[in-house]
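A short write-up of the structure that comes next.
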Amino acid sequence: MGKLIIFSAPSGSGKSTIINYLLKQNLNLAFSISATSRPPRGTEQNGVEYFFLTPEEFKQKISDGEFLEYEEVYTDRFYGTLKSQVEKQLSEGQNVIFDVDVVGGCNIKKFYGERALSVFIQPPSIEELRKRLNGRGTDTPEVIESRIAKAEFELSYADKFDVVIVNDELEKAQAEALETISKFLKK
Ligand code: ADP
Ligand code: 5GP
(Lines give C-alpha, C1' and ligand atoms only; values in the text may rest on other atoms or scores of the structure.)
(Ligands and ions follow the chains in the order given, each with its own letter.)
Protein backbone atom coordinates (compact mmCIF):
# COMPACT_ATOMS: atom_id res chain seq x y z
CA MET A 1 0.00 0.00 0.00
CA GLY A 2 1.26 3.46 -0.90
CA LYS A 3 1.67 6.52 1.31
CA LEU A 4 0.16 9.98 1.08
CA ILE A 5 1.92 13.32 0.61
CA ILE A 6 -0.30 16.35 1.17
CA PHE A 7 0.64 19.80 -0.19
CA SER A 8 -1.27 22.87 0.93
CA ALA A 9 -0.54 26.59 0.62
CA PRO A 10 -2.12 29.85 -0.45
CA SER A 11 -2.78 29.86 -4.19
CA GLY A 12 0.27 31.23 -6.02
CA SER A 13 2.83 29.95 -3.48
CA GLY A 14 4.30 27.55 -6.02
CA LYS A 15 2.67 24.28 -4.98
CA SER A 16 1.93 23.06 -8.51
CA THR A 17 5.43 23.96 -9.67
CA ILE A 18 7.01 21.97 -6.84
CA ILE A 19 4.59 19.05 -7.23
CA ASN A 20 5.33 18.84 -10.96
CA TYR A 21 9.04 18.74 -10.17
CA LEU A 22 8.51 15.93 -7.62
CA LEU A 23 6.40 13.91 -10.08
CA LYS A 24 9.43 13.77 -12.40
CA GLN A 25 11.68 12.27 -9.70
CA ASN A 26 11.89 8.57 -9.04
CA LEU A 27 9.45 8.47 -6.10
CA ASN A 28 6.57 6.38 -7.50
CA LEU A 29 4.22 9.33 -7.02
CA ALA A 30 0.78 9.65 -8.57
CA PHE A 31 -1.09 12.95 -8.51
CA SER A 32 -4.46 12.85 -6.76
CA ILE A 33 -6.93 14.16 -9.31
CA SER A 34 -9.57 16.17 -7.44
CA ALA A 35 -13.03 17.13 -8.63
CA THR A 36 -13.95 20.81 -8.96
CA SER A 37 -16.89 22.93 -10.08
CA ARG A 38 -14.66 25.72 -11.41
CA PRO A 39 -14.10 25.92 -15.18
CA PRO A 40 -10.81 24.70 -16.68
CA ARG A 41 -8.12 27.38 -17.08
CA GLY A 42 -5.29 27.56 -19.59
CA THR A 43 -4.47 24.15 -20.98
CA GLU A 44 -6.18 22.16 -18.21
CA GLN A 45 -7.90 18.98 -19.32
CA ASN A 46 -10.69 16.94 -17.76
CA GLY A 47 -9.24 13.92 -15.94
CA VAL A 48 -5.69 15.32 -15.92
CA GLU A 49 -5.52 18.30 -13.51
CA TYR A 50 -9.11 17.86 -12.28
CA PHE A 51 -12.39 16.18 -13.00
CA PHE A 52 -14.45 19.20 -14.01
CA LEU A 53 -18.07 18.99 -12.81
CA THR A 54 -21.02 21.38 -12.84
CA PRO A 55 -22.05 22.69 -9.39
CA GLU A 56 -25.12 20.40 -9.66
CA GLU A 57 -23.05 17.31 -10.42
CA PHE A 58 -20.72 18.21 -7.57
CA LYS A 59 -23.60 18.58 -5.09
CA GLN A 60 -25.01 15.21 -6.19
CA LYS A 61 -21.71 13.49 -5.39
CA ILE A 62 -21.68 15.20 -1.98
CA SER A 63 -25.10 13.78 -1.14
CA ASP A 64 -24.04 10.36 -2.47
CA GLY A 65 -21.10 10.41 0.03
CA GLU A 66 -18.47 10.04 -2.70
CA PHE A 67 -15.95 12.49 -1.18
CA LEU A 68 -13.17 11.77 1.31
CA GLU A 69 -13.28 15.53 1.91
CA TYR A 70 -14.53 18.56 0.03
CA GLU A 71 -14.52 22.32 0.55
CA GLU A 72 -16.22 25.32 -0.97
CA VAL A 73 -12.82 26.97 -1.31
CA TYR A 74 -14.24 30.09 -2.97
CA THR A 75 -17.93 31.00 -3.30
CA ASP A 76 -19.67 28.39 -5.52
CA ARG A 77 -16.29 26.87 -6.34
CA PHE A 78 -16.19 23.42 -4.84
CA TYR A 79 -13.11 21.22 -4.69
CA GLY A 80 -13.02 17.69 -3.35
CA THR A 81 -11.13 14.41 -3.20
CA LEU A 82 -13.05 11.38 -4.47
CA LYS A 83 -12.66 8.33 -2.19
CA SER A 84 -12.68 5.96 -5.17
CA GLN A 85 -9.83 7.81 -6.87
CA VAL A 86 -7.49 7.80 -3.84
CA GLU A 87 -8.18 4.20 -2.83
CA LYS A 88 -7.57 3.01 -6.38
CA GLN A 89 -4.18 4.73 -6.58
CA LEU A 90 -3.09 3.56 -3.10
CA SER A 91 -4.14 -0.02 -3.71
CA GLU A 92 -2.08 -0.04 -6.91
CA GLY A 93 0.93 0.62 -4.64
CA GLN A 94 1.43 4.20 -5.73
CA ASN A 95 2.26 7.03 -3.35
CA VAL A 96 -0.39 9.67 -3.80
CA ILE A 97 0.44 13.39 -3.79
CA PHE A 98 -2.34 15.91 -3.03
CA ASP A 99 -2.74 19.60 -3.87
CA VAL A 100 -5.56 20.66 -1.55
CA ASP A 101 -6.59 23.71 0.46
CA VAL A 102 -5.44 24.00 4.09
CA VAL A 103 -8.65 22.66 5.62
CA GLY A 104 -8.78 19.68 3.25
CA GLY A 105 -5.08 19.04 3.93
CA CYS A 106 -5.66 18.84 7.69
CA ASN A 107 -8.68 16.55 7.19
CA ILE A 108 -6.77 14.10 4.99
CA LYS A 109 -3.87 14.06 7.48
CA LYS A 110 -6.28 13.37 10.35
CA PHE A 111 -7.89 10.51 8.41
CA TYR A 112 -4.65 8.77 7.35
CA GLY A 113 -2.38 9.70 10.33
CA GLU A 114 1.17 8.29 10.10
CA ARG A 115 0.63 7.11 6.53
CA ALA A 116 0.45 10.74 5.46
CA LEU A 117 3.00 13.59 5.45
CA SER A 118 1.47 17.09 5.36
CA VAL A 119 3.60 19.84 3.80
CA PHE A 120 2.83 23.56 3.85
CA ILE A 121 4.41 25.70 1.12
CA GLN A 122 4.88 29.22 2.41
CA PRO A 123 5.36 32.23 0.11
CA PRO A 124 7.98 34.80 1.20
CA SER A 125 5.23 37.49 1.49
CA ILE A 126 1.71 38.44 0.38
CA GLU A 127 3.19 40.97 -2.04
CA GLU A 128 5.27 38.25 -3.70
CA LEU A 129 2.13 36.10 -3.88
CA ARG A 130 0.28 38.84 -5.76
CA LYS A 131 3.24 39.21 -8.15
CA ARG A 132 3.28 35.48 -8.89
CA LEU A 133 -0.46 35.30 -9.49
CA ASN A 134 -0.25 38.29 -11.84
CA GLY A 135 2.78 36.77 -13.55
CA ARG A 136 1.03 33.41 -14.00
CA GLY A 137 -1.60 35.26 -16.01
CA THR A 138 -4.31 32.62 -15.65
CA ASP A 139 -6.82 34.46 -13.43
CA THR A 140 -8.87 37.64 -13.75
CA PRO A 141 -7.94 40.53 -11.40
CA GLU A 142 -11.10 39.76 -9.39
CA VAL A 143 -10.18 36.11 -8.90
CA ILE A 144 -6.62 37.14 -7.96
CA GLU A 145 -7.98 39.46 -5.26
CA SER A 146 -10.22 36.71 -3.85
CA ARG A 147 -7.18 34.41 -3.69
CA ILE A 148 -5.11 37.09 -1.91
CA ALA A 149 -7.95 37.81 0.53
CA LYS A 150 -7.93 34.15 1.50
CA ALA A 151 -4.15 33.92 1.85
CA GLU A 152 -3.94 35.54 5.32
CA PHE A 153 -6.34 32.95 6.71
CA GLU A 154 -4.47 30.13 5.01
CA LEU A 155 -1.09 31.28 6.35
CA SER A 156 -2.43 30.91 9.90
CA TYR A 157 -2.67 27.14 9.28
CA ALA A 158 1.06 26.64 8.68
CA ASP A 159 1.85 25.31 12.16
CA LYS A 160 -0.76 22.54 11.86
CA PHE A 161 1.38 20.86 9.17
CA ASP A 162 4.16 18.29 9.64
CA VAL A 163 6.62 20.37 7.58
CA VAL A 164 6.78 24.00 6.39
CA ILE A 165 8.87 24.83 3.31
CA VAL A 166 9.40 28.48 2.38
CA ASN A 167 9.36 28.86 -1.40
CA ASP A 168 11.60 31.88 -1.88
CA GLU A 169 14.24 30.52 -4.22
CA LEU A 170 12.53 27.79 -6.24
CA GLU A 171 15.54 25.49 -6.60
CA LYS A 172 16.16 25.47 -2.86
CA ALA A 173 12.51 24.78 -2.08
CA GLN A 174 12.46 21.92 -4.60
CA ALA A 175 15.61 20.36 -3.12
CA GLU A 176 14.18 20.63 0.40
CA ALA A 177 10.89 19.05 -0.70
CA LEU A 178 12.71 16.20 -2.46
CA GLU A 179 14.85 15.43 0.59
CA THR A 180 11.96 15.54 3.07
CA ILE A 181 9.71 13.35 0.96
CA SER A 182 12.39 10.80 0.06
CA LYS A 183 13.07 10.36 3.80
CA PHE A 184 9.38 9.95 4.63
CA LEU A 185 8.84 7.37 1.89
CA LYS A 186 11.80 5.29 3.10
CA LYS A 187 10.49 5.10 6.69
P1 ADP B 1 0.13 27.32 -6.81
O2 ADP B 1 0.05 25.95 -7.40
O3 ADP B 1 0.55 27.31 -5.38
O4 ADP B 1 -1.11 28.13 -7.03
P5 ADP B 1 2.05 27.85 -8.98
O6 ADP B 1 2.96 26.67 -8.90
O7 ADP B 1 1.07 27.90 -10.11
O8 ADP B 1 1.31 28.10 -7.56
O9 ADP B 1 2.99 29.16 -8.99
C10 ADP B 1 2.45 30.46 -9.20
C11 ADP B 1 3.38 31.24 -10.15
O12 ADP B 1 4.59 31.57 -9.46
C13 ADP B 1 3.79 30.46 -11.38
O14 ADP B 1 3.79 31.35 -12.49
C15 ADP B 1 5.19 29.95 -11.05
O16 ADP B 1 5.98 29.78 -12.21
C17 ADP B 1 5.75 31.06 -10.15
N18 ADP B 1 6.71 30.60 -9.12
C19 ADP B 1 6.71 29.44 -8.41
N20 ADP B 1 7.72 29.39 -7.52
C21 ADP B 1 8.40 30.55 -7.66
C22 ADP B 1 9.57 31.12 -7.01
N23 ADP B 1 10.24 30.48 -6.04
N24 ADP B 1 9.96 32.35 -7.41
C25 ADP B 1 9.29 33.02 -8.39
N26 ADP B 1 8.19 32.54 -9.03
C27 ADP B 1 7.74 31.33 -8.68
P1 5GP C 1 -6.97 26.14 -8.15
O2 5GP C 1 -8.26 26.79 -8.57
O3 5GP C 1 -5.82 27.13 -8.10
O4 5GP C 1 -6.64 24.92 -8.97
O5 5GP C 1 -7.15 25.62 -6.67
C6 5GP C 1 -7.68 26.44 -5.68
C7 5GP C 1 -7.52 25.81 -4.31
O8 5GP C 1 -8.28 24.60 -4.19
C9 5GP C 1 -6.08 25.42 -3.99
O10 5GP C 1 -5.82 25.87 -2.66
C11 5GP C 1 -6.11 23.93 -4.09
O12 5GP C 1 -5.12 23.37 -3.26
C13 5GP C 1 -7.50 23.61 -3.57
N14 5GP C 1 -7.96 22.25 -3.92
C15 5GP C 1 -7.76 21.58 -5.08
N16 5GP C 1 -8.29 20.35 -5.01
C17 5GP C 1 -8.82 20.22 -3.76
C18 5GP C 1 -9.51 19.15 -3.08
O19 5GP C 1 -9.72 18.06 -3.59
N20 5GP C 1 -9.91 19.41 -1.82
C21 5GP C 1 -9.69 20.59 -1.20
N22 5GP C 1 -10.11 20.71 0.05
N23 5GP C 1 -9.05 21.62 -1.81
C24 5GP C 1 -8.63 21.43 -3.07
**OP:** Give the carbon-plus-sulfur fraction of the accessible surface of region 4-186 in %, rounded to a whole number; probe 1.4 Å, heavy atoms of protein chains only.
**Re:** 50 percent
Original post:
After finding the eigenvalues of the alpha carbon gyration tensor for region 99-181, what semi-axes result from the square roots of 5 times each, listed largest first in whole Å?
Top reply: 24, 17, 10
Original post:
Hey, got the dipole for the chain? About the Cα centre, +1 on K and R Cβ, -1 on D and E Cβ, debye to the nearest 20?
Top reply: 500 debye
Original post:
Do any trypsin sites (Lys or Arg not before Pro) in region 1-95 lie in a DSSP loop with no more than 10 other beta carbon atoms within 10 Å, and if so, which?
Top reply: Lys24
**OP:** Could you list the chymotrypsin sites (Phe, Trp or Tyr not before Pro) in region 134-187 that lie in coil according to DSSP, counting only those with at most 13 other Cβ atoms within 10 Å of their Cβ?
**Re:** none
Original post:
Measuring with a 1.4 Å probe in the full set of protein chains, what accessible area per residue, in whole Å², belongs to region 4-186?
Top reply: 50 Å²
Original post:
So which of Lys3/Lys183; Lys160/Lys186; Lys83/Lys187; Lys88/Lys183; Lys24/Lys186 end up more than 20 Å apart, counting from Cα to Cα?
Top reply: Lys160/Lys186; Lys83/Lys187; Lys88/Lys183
**OP:** Could you size up the charge dipole of region 80-187 around its Cα centre, putting +1 on the beta carbon of Lys and Arg and -1 on that of Asp and Glu, and report it in debye to the nearest 20?
**Re:** 440 debye
**OP:** Give the percent of DSSP beta bridges with both residues in the chain that are antiparallel, rounded to the nearest 5.
**Re:** 30 percent
Original post:
To two decimal places, what compactness ratio does region 4-186 give when its Cα radius of gyration is scaled by 2.2 N^0.38 Å?
Top reply: 0.98
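The values are calculated or read from the model by the stated rules, or taken from the named source; none is laboratory data. Everything numeric here is computed off the predicted structure, so don't read it as measured data. Virtual Cβ from ideal backbone geometry, glycine too; neighbours counted across all protein chains shown. Each accessible area value is taken on the protein alone, full model and side chains, heavy atoms only, with ligands, DNA and RNA left out. Shrake-Rupley method; radii C 1.70, N 1.55, O 1.52, S 1.80 Å.
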